[in-house]
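No lab work stands behind these numbers, since they all come straight from the coordinates. What you see is a predicted model; the values in this text were computed from it and never measured. No Cβ is skipped: glycine too gets one built from the backbone with ideal geometry, and neighbour counts run over all protein chains shown.
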Amino acid sequence: MRVRPTRERRAWSLGAPRQPARLQLQPHYDPEAFGRFSEGIARFLGTARYLVFQTAVVVIWITWNVAFRNREAAFDPYPFILLTLALSLQASYAAPLILLAQNRQTDRDRVNLEDDRTRTDRTREDIEYLARELAAVRIALGEVATRDFLRSELGHHLDQIRKEAER
C-alpha cells in the first residue's frame, strides 16, 4: 500500500502553524462511483429478470442436489445449508446497497424539491409582476379614447357643424 502525505503537508503557509506529517493509511475510494455502482445493483435487483434468474438458480440447485443425493455430485444435501448461506450472503449485501441507493435518491429528490420551490417562487413573482403590469395597462387604457367614443364625439361635432351650416 502506498503511503501518501496529507494535504496539510504538501501545501504549507508561513502564517499557519506547522503540523506534524500524518500518514494516511486508509484506502481511498470515490463515493460517487460507489454510489453509482450501488444504484446499478439496486436497479438490477428490482427487475423481473433478476427474480427469474434467482428462481432458476434455486430450482436448478435444489433439483441437482435432490436428483444426485446419494452420489458425490450432490454438493449440498437436503437441508441445503450452502444455498441458505449463499442467499443470506446475497441478502446481507443487497440490503445495504439498496439503502444506499435509496439515500442517494432521497438526496436527489431533496435537491429537485428545492429547485422546484425556487422555480415556483420565481414563477409566482413573474405572475405577480405581469398582473401589476396588466393592471397598469388597463388603467392607462381607461384614460385613452376608444374608437366608439371617438365616433360618437365626431358624430356629435359633425351634427353641430351641419346645424350651423344650415343656418
**Report entry** Residue in the range 39-53 that is surrounded by the fewest Cβ atoms within 10 Å (Cβ to Cβ), counting only those that are small (Gly, Ala, Ser) and closer than 15 Å to Ala91 by Cβ
**Finding:** Gly46
**Report entry** Breaking point among (1) closer than 29 Å to Ile98 by Cβ; (2) in contact (Cβ under 8 Å) with a residue 12 or more places away in the chain; (3) among the hydroxyl-bearing types (Ser, Thr, Tyr); (4) assigned to a loop (DSSP other than H, G, I, E, B), for Ser38
**Finding:** (4)
